[in-house]
Ligand code: SF4
Ligand code: SF4
Ligand code: FES
């Protein structure tokens, strides 16, 4: 299944345009993560970053690689990595937003207390009908 | 400052050229500069890298003819950046290291069989500590002049690695390794020392090859050039011991 998805994605890239420079977006992603998704985070800022990340994922088809070579194409590799990065970024954000408490390196300034009743559990992320969901499983 | 990069592509047809770039690089490493050019000016510029901290060995290139790790080297105005030598260029600064790395297998550069003694003291560990640090960057391989005449030479990093295992007290098959480096190996090295200053890990393949020669001598091997030069052996009336 994953292999089929990946093949389709790579085939799809051929039709992507490069109106938007993904290197600029990659830099932006790094910066907003550094500023808002570090050790100290809060719900409002995380939600703003999540919006930005979701917007970037929507725009991915306009951020395709400009190097069309079939030989050692690191522009293509970096683009694929950027797509993966955005997927992980969304998972990290949804997890951090759902965990309304502070624990270890996850310090929520808007919820500074640890809450074992609700969150002494593993975060499990999955797609349900294309929508990213988070469950806390004890 | 200006930086020249030797570029090569085979698509759609072979094109080789030295391209000059004007870069603003305050105290930047060569890898940072290459990334800057790729992400802001020319996405087709091709080079390889990994760790960005001199650990993985994937970013070696030549700067004014001398092998350097891109992630360490800070270039100066007018420098010429080229791919490593003695390996096929795939594209721009990326070379195909496959054949070079296969020499490790040909030279039996691995731990084969545990000896009966598997206790390793601090001193035992120190004996091949430096050689164990090889990151397979290929710098020594690129600097070695032997490839101009013998493309099958096992080469500096593979031979250094053999010495690393031959000196390992846990290795039970040293003799097999010494046998594997007799042909296209230790005797083909000219002991020129070119491989030594280029190693980012402070390894001296030349010295290790010299050690392998001495060890081979004690095991009854000798330099084939020497033996053929004297009529194919010691058969010239010398007293036998
Ligand atoms: S010392 Fe030997 S292995 Fe090293 S560069 Fe010279 S010929 Fe090559
Ligand atoms: S011996 Fe040194 S120069 Fe040669 S591959 Fe290993 S780390 Fe690189
Ligand atoms: S990028 Fe890994 S050694 Fe330079």
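Since every read-out is calculated from the coordinates, none of them should be taken as a lab result. Owing to the predicted nature of the structure, the values given are computational and were not obtained by experimental measurement. Quick reminder, even Gly has a Cβ in these numbers, built from the backbone with ideal geometry, and neighbours come from all protein chains shown.
When B:68, A:138 are arranged by Cβ crowding within 10 Å, least crowded first, meaning fewest neighbours, the order is A:138, B:68. Normalise the Debye intensity by I(0) for the protein assembly as shown, one equal point scatterer per Cα, no solvent, then take log10 at q = 0.06, 0.15 Å⁻¹ and round to two decimals. With no solvent term, the Cα-only Debye profile gives -0.38, -1.22.
Taking each DSSP H run with n ≥ 4 as -39500 (n - 2.57) and averaging over every residue of chain B yields -8000 deg cm²/dmol at 222 nm. Using the Cα gyration tensor of the range B:98-228, with a ≥ b ≥ c the square roots of its eigenvalues, what is the shape: rounded (a/c below 1.5), prolate (a/b larger than b/c) or oblate (neither)? It comes out oblate by the Cα gyration axes. Dimensions of chain A from C-alpha coordinates, computed as largest minus smallest value along each principal axis and given longest first, are 53, 33, 23 Å. On a 0 to 90 degree scale, rounded to 10, what angle separates helix A:2-13 from the longest Cα axis of chain A? Taking the Cα atoms of chain A, the angle to A:2-13 is about 50 degrees. When the alpha carbon gyration tensor of the range A:1-66 is reduced to an equivalent ellipsoid, the three semi-axes, largest first, read 27, 15, 10 Å. Counting other Cβ atoms within 10 Å as a rough exposure proxy, the listed residues B:187, B:110 run B:110, B:187 from fewest neighbours to most.
Rounded to the nearest 10 degrees, the inclination of helix B:205-218 to the longest alpha-carbon principal axis of chain B is 10 degrees.
Remark: mean inter-chain Cβ contacts per residue of A:60-70 equal 2, using a 10 Å Cβ-Cβ cutoff to other protein chain atoms. In summary, the convex hull built on the alpha carbon positions of chain B has an orientation-averaged projected area of 16.7 nm². Summarising the label geometry, the points placed 7 Å from Cα in the beta-carbon direction at residue B:225 and residue A:137 lie 6.6 nm from one another. FRET efficiency for the pair residue B:74 and residue B:116, taken as 1/(1 + (r/R0)^6) with r the Cβ-Cβ distance and R0 = 51 Å, rounds to 0.55.
Annotation: the antiparallel percentage among DSSP beta bridges lying fully within chain B is about 85. GNM on chain A, alpha-carbon springs under 10 angstrom: the most fluctuating residue among A:73, A:36, A:100 is A:73.
Mean partner shielding of peptide A:79-85, defined as the number of other chain Cβ atoms within 10 Å of each residue Cβ, is 0. For the pair the range B:1-63 / the range B:101-123, the C-alpha centres are spaced 37 Å from each other.
To check you understand DSSP bridge types, tell me what percent of the beta bridges within chain A (both residues inside) are antiparallel, rounded to 5. That works out to approximately 80 percent antiparallel. Here the range A:36-72 is scanned for amide nitrogen atoms under 15 Å from the site 7 Å beyond the Cα of residue A:14 along Cα-to-Cβ, giving A:65, A:68-71.
Once the C-beta distance of residue A:124 and residue A:28 is scaled by a Förster radius of 35 Å, the resulting FRET efficiency is 0.75 to the nearest 0.05. Computed from the alpha carbon positions, the gyration tensor of the range B:45-84 leads to an equivalent ellipsoid with semi-axes of 17, 11, 9 Å, biggest first.
Computing FRET efficiency as 1/(1 + (r/R0)^6) for residue B:106 and residue A:35, where r is the C-beta to C-beta distance and R0 is 45 Å, gives about 0.30.
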